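Visitor: Got a structure here, written out as structure tokens. Questions coming.
Derivation of every value follows stated rules applied to the coordinates shown; laboratory data play no part. Just so we're clear, the structure is a prediction, and the values are computed from it rather than from any experiment. Here Cβ is always computed from backbone atoms with ideal geometry, including for glycine, and neighbour counts include all displayed protein chains.
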Amino acid sequence: MRRATILTLSGALALLLAVPALAALAPGAKAPDFDLVDTAGQHHSLQKYLADGRVVVLEWFNPDCPFIVKHHKLHRTMDATFAAVKERGVVWLAVNSSAAGKSGHGAERNAKAVEEFGMTFPVLLDPTGATGKAYEARNTPTVFVIGRDGLVAYAGAIDDDPSPQNAGKTNHVAAALAAVLDGGKPAVAETKPYGCSVKYAD
């Protein structure tokens, strides 16, 4: 009887651990404000963009992560997705929450990445990890689409292929942006992010 109970509990725990962890800041939540500086020393505030009536995309970023290289260099997924909606008032911001001493940290490293990847949007530096933790970002890349109402409309992966090389067939962020810009809600508002862990301080 005791052995059966242990097996049952073990099975339940295995099932619990097998459930995919979705992006922690769920759709419908109020997006936390931030005021961060990019690699060129310019300040970026969520409230400022919302006051201007903009839709904001936040992409958690680390230039040393192979999944970031996949989407910024191999396939240019991020820049292509942004280019398709830029003229409709969308702001796309990469956020690097790597702490000092961790991979991908620092203004110099990220400024080099902007040039190397040919990025058309800035990288904001979050070395304390305060903004990353407020959004509960765990992976690079994790993407949040924030509507003009300041609420999270989409949270999760950029696409449906978690491999470090292949481009996905479905671009979740492009679909979410299309819905939000047309005044609706994404059919898929939350997916499981994939990639490298965010390099917060120990």
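Visitor: Which shape class, rounded, prolate or oblate, goes with the range 40-108 when its Cα gyration tensor gives a ≥ b ≥ c as root eigenvalues, a/c under 1.5 marks rounded, and past that a/b bigger than b/c marks prolate? Walk me through the intermediate numbers first.
Guide: Values: a/c = 2.87, a/b = 1.30, b/c = 2.22.
Taking the square roots of the gyration eigenvalues as a ≥ b ≥ c, the range 40-108 is oblate.
Visitor: Using only Cα atoms and rounding to the nearest 10 degrees, what angle (0 to 90) does helix 172-181 make with the longest principal axis of the chain?
Guide: Taking Cα atoms only, the helix is inclined about 60 degrees.
Visitor: Over the chain, with a Gaussian network built from C-alpha contacts below 10 Å, which listed residue (A99, A137, A40) shows the highest mean-square fluctuation?
Guide: Maximum among the listed residues: A40.
Visitor: Shifting gears a bit: Looking at the chain, send over the antiparallel percent of its DSSP beta bridges, to the nearest 5.
Guide: The antiparallel fraction comes to roughly 65 percent.
Visitor: Which residue, A29, A94, A174, has the most motion in a Gaussian network model of the chain that connects Cα atoms within less than 10 Å?
Guide: Comparing A29, A94, A174 in a Gaussian network model of the chain, the most mobile one is A29.
Visitor: Could I ask something else about it? I need the trypsin sites (Lys or Arg not before Pro) found in the range 93-184, filtered to DSSP loop residues with at most 12 other beta carbons within 10 Å of theirs.
Guide: When the trypsin sites (Lys or Arg not before Pro) of the range 93-184 are filtered for loop state and at most 12 Cβ neighbours within 10 Å, K169 remain.
Visitor: Would you list which lysines come within 20 Å of K199, measuring only between C-alpha atoms, while excluding same-chain residues fewer than 8 positions from it?
Guide: Straight-distance partners of K199: K70, K102, K112, K133.
Visitor: I would also like to ask the following. From Cα pairs below 8 angstrom and at least 6 apart in sequence, can you work out the relative contact order of the chain, rounded to a whole percent?
Guide: After rounding, I find 28 percent.
Visitor: Right, something else. Using alpha-carbon positions, what is the distance between the centroids of the range 34-87 and the range 117-177, in Å?
Guide: 8
Visitor: Angle between the Cα long axis of helix 107-117 and the longest principal axis of the chain, 0 to 90 degrees, nearest 10?
Guide: Its long axis makes an angle of about 80 degrees.
Visitor: Then there's this: Based on the alpha-carbon gyration tensor of the range 74-151 and its eigenvalue square roots a ≥ b ≥ c, which shape applies: rounded if a/c is under 1.5, prolate if not and a/b is larger than b/c, or oblate?
Guide: Details: a/c = 2.13, a/b = 1.20, b/c = 1.77.
Here the range 74-151 falls in the oblate category.
Visitor: Report the Stokes-Einstein translational diffusion coefficient (µm² s⁻¹, integer) for the chain, Rh taken as the Kirkwood radius over Cα pairs, at 20 °C with viscosity 1.002 mPa s. Walk me through the intermediate numbers first.
Guide: Values: Rh = 17.4 Å.
Rounded to a whole number, D works out at 123 µm²/s.
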